[in-house]
Amino acid sequence: MGKLLFSIQGRISRGPFWLVLLLLFPVTVSLLYIIERFADNNPALMLMALAFYAWIAFCITVKRLHDLDATGWLSIPIVLIPLGVILVGSFPGTTGPNRFGVDPLERKATG
């Protein structure tokens, strides 16, 4: 799980990409609410929560781009544009291995 959320190495298919994003957003919003309500809106804690969200979003976007055989550097503008995230999460990845690793869907089928 840690490699999925915190590493920029490898590839992920559309399913895990959307699952992480759909779970990450409400968890982060809840965490920000708790900080606001019970930690006196502590700016350092808010910044840490947002940095946590941003890093995970960046990591899974890089891995999704790797699945599309694209460089992870494209994730910088993509995470800032919601339409870019939708597009990255919509297209199927490269079939078979590419320069970033094995096809995550093939690995699932054989292992």
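The values are calculated or read from the model by the stated rules, or taken from the named source; none is laboratory data. As the structure is a prediction and not an experimental result, all values here were calculated from the model. Every residue, glycine among them, receives a Cβ derived from its backbone with ideal geometry; neighbour counts consider all protein chains shown.
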*So is residue 17 farther than 24 Å from residue 93 by Cα and within 13 Å of the chain's Cα centre (by Cα) or not?*
no
Exception for residue 90 within (1) assigned to a helix (DSSP H, G or I); (2) at pLDDT 90 or above; (3) surrounded by fewer than 11 Cβ atoms within 10 Å (Cβ to Cβ) falls at (1)
Within region 1-59, of all residues that are touching a strand residue (DSSP E or B) at 6+ places or on another chain (Cβ under 9 Å) and on the phi < 0 side of the Ramachandran plot, the one surrounded by the most Cβ atoms within 10 Å (Cβ to Cβ) is 11
Kindly establish whether residue 30 is farther than 30 Å from residue 97 by Cα, hydroxyl-bearing (Ser, Thr, Tyr) and in a helix (DSSP H, G or I). yes
Checked 107, 37 against criteria (assigned to a helix (DSSP H, G or I), at pLDDT 90 or above and not small (Gly, Ala, Ser)); the one match is 37
Over region 64-85, the set of residues within 19 Å of residue 19 (Cα to Cα), of a type outside the set (Lys, Arg), at pLDDT 90 or above and part of a helix (DSSP H, G or I) is 65, 66, 67
